[in-house]
Amino acid sequence: MSLKVSKRRELVAQSEIRSMSIECDRVDGINLSQGVCDTEIPIIVRQGAHAAMENGINTYTRYDGLAELRSAIAAKQERFTGMKVDSEREVIVSAGATGALLCTCLALLNPGDEVIVFEPFYGYHISTMETTQAVPVYIKTDPPEWKFSYEDLEKKRTGKTRAILVSTPSNPSGKVFSSNELDMIATFASEHDLFVITDEIYEHFIYDGLRHIAPATLPGMKNRTITISGVSKTYSITGWRVGYCICDAEWAETIGYFNDLIYVCAPAPLQMGVAEGLLNIGGEYYENLARDYERKRDKICDALSRAGLEPYIPQGAYYVLADISGVSGATGKDKAMTLLYETKIACVPGEAFFQNGGGETLGRFCFAKDDEVLEEACRRLIKLRT
Ligand code: PLP
């Protein structure tokens with residue numbers, strides 16, 4: 001038989017994150033590799049979804065989402081970032097931020113178009129682009145500040161450059177792009193007529209008094225920016241698959257058609273639950289969320305330091321990259337395995353976030369965990385040293 005799976009198979013090889021999770025389960029360890037928050041869902045969100053189900057909101061929605069949710073997203077975006085959004089024409093509700101990015105790439109990028117991305121990167125960004133035959137072009141950034149310059153951007157530009165992808169706060173580094181850096185990206189994008197595709201899923205997970213800046217709010221950026229976000233993380237509903245993108249109507253229609261083709265719509269009653277949350281949950285919830293996660297960040301960073309695994313303190317999101325070079329093993333994967341067997345703590349080997357063998361001295365630890373679990377994880381890490 002000469003039948004084979006397609007060449008695209010290589011693009012969806014089991015991620016390092018999943019394989020660490022499987023091994024972690026096998027040894028009954030604490031899983032700090034996967035970014036699944038196990039904190040509580042706001043009750044209003046849960047009840048909103050239940051009520052919608054009971055009230056018959058169970059069929060296909062419009063291809064770009066329920067009007068209630070689109071208008072709640074527009075209102076929330078204006079409240080948090082000052083950005084004015086037309087909910088009828090500029091919002092597409094999709095199957096998570098992941099779905100929104102896939103539809104954006106299909107709608108706006110041609111095969112061979114290059115997209116500048118920062119390294120370390122989130123693997124799904126790369127696989128999504130490659131699946132749509134766009135070509136990621138990497139700018140390597142280094143700890144602790146993960147900085148880049150205008151020159152770095154220019155060096156990566158070719159005649160095929162079509163977009164730049166910005167993830168702020170970033171997974172895995174926790175970098176929050178500064179206003180200077182975003183200005184630089186805005187100037188570069190305007191100068192060379194590029195799309196800016198953002199991933200702002202961690203917009204509320206921000207520490208040390210820093211502020212999230214939505215790139216679309218910078219002067220001249222609204223038309224060329226595709227703002228991707230969602231509430232998987234903010235409301236701890238990663239399995240609901242509700243996310244969105246906001247962009248100019250000129251792009252939104254086509255992105256929406258791809259959304260229709262691939263997903264038809266996000267789950268109808270769950271859209272209503274999210275709308276209830278966005279409309280009714282006040283600013284205090286988001287402030288507490290940031291404060292709570294800042295405390296978790298401090299706890300794990302302290303434990304990592306004490307274990308001799310120097311952490312690169314994240315400014316946002318809920319992961320920390322730490323230096324695991326002192327752990328035995330030839331590769332990052334070996335080191336992560338040693339750590340798992342010695343402490344029963346799973347992290348993700350750094351190679352997962354770099355191309356061509358970078359990141360082998362790093363491990364990524366997720367701290368979106370209940371306090372009790374996090375505390376036990378910290379105790380185990382600290383014992384590594386003693
Ligand atoms: N974007 C980033 C940077 C992430 O880290 C994740 C999840 O880990 C996602 C998107 C997934 O978001 P969603 O659940 O809305 O698809």
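Any read-out appearing in this document is the output of simple, stated calculations on the displayed coordinates, not a laboratory observation. Remember, predicted model here, so these are calculated numbers, not experimental data. Using ideal geometry, Cβ is built from the backbone for each residue, glycine included, and neighbour counts are taken over all protein chains shown.
In table form, for the structure just shown:
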{"item": "Cβ charges +1 (Lys, Arg) and -1 (Asp, Glu), total dipole of the chain, debye", "result": "680"}
{"item": "Gain on full stretching of the segment that runs from residue 36 to residue 130 - 0.36 nm per residue minus C-alpha separation", "result": "31.4 nm"}
{"item": "Largest-first ellipsoid semi-axes for the stretch 218-265, taking √(5λ) over the Cα gyration tensor eigenvalues, angstrom", "result": "22, 17, 5"}
{"item": "Choice from 123, 363, 65 showing the highest fluctuation, given a GNM over the chain with Cα pairs closer than 10 Å", "result": "123"}
{"item": "Gaussian network model of the chain, Cα within-10 Å springs - most flexible of 180, 31, 356", "result": "356"}
{"item": "Unit charges on C-beta of K, R, D, E only; dipole of the stretch 29-134, Debye", "result": "300"}
{"item": "Calculated FRET efficiency for the pair residue 250/residue 140, C-beta based, R₀ 30 Å, to 0.05", "result": "0.35"}
{"item": "Inter-label distance for residue 149 and residue 50, nm, one decimal - labels placed 7 Å from Cα along Cα-to-Cβ", "result": "5.8"}
{"item": "Distance from the stretch 65-101 to the stretch 1-56 (C-alpha centre basis), Å", "result": "24"}
{"item": "Percent of Cα-Cα distances greater than 29 Å, calculated over the chain", "result": "43"}
{"item": "Euclidean distance of C-alpha centroids, the stretch 245-259 and the stretch 310-339, integer Å", "result": "38"}
{"item": "Per-residue [θ]222 nm for the chain (sum of -39500 (n - 2.57) over DSSP H runs n ≥ 4, rounded to 500)", "result": "-13000 deg cm²/dmol"}
{"item": "Relative contact order for the stretch 44-165, counting Cα pairs under 8 Å that sit 6 or more residues apart, in percent", "result": "20"}
{"item": "Within a Gaussian network of the chain (alpha carbon springs, distance under 10 Å), most fluctuating of 26, 211, 162", "result": "26"}
{"item": "Tensor-based shape of the stretch 126-184 (alpha-carbon gyration tensor, a/c under 1.5 rounded, otherwise prolate or oblate)", "result": "oblate"}
{"item": "Alpha-carbon Rg/Rh ratio, for the stretch 25-65, with Rh computed the Kirkwood way", "result": "1.22"}
{"item": "Rounded, prolate or oblate (a/c below 1.5 giving rounded, otherwise prolate when a/b exceeds b/c) for the stretch 1-114 by Cα gyration tensor", "result": "oblate"}
{"item": "Listed pairs 296/383; 147/335; 7/160 exceeding 21 Å between Cα atoms", "result": "147/335; 7/160"}
{"item": "Relative contact order for the chain, counting Cα pairs under 8 Å that sit 6 or more residues apart, in percent", "result": "25"}
{"item": "P(r) histogram, all alpha-carbon pairs of the stretch 265-358 included - 10 Å bins from 0, percent", "result": "14, 32, 23, 20, 11, 0"}
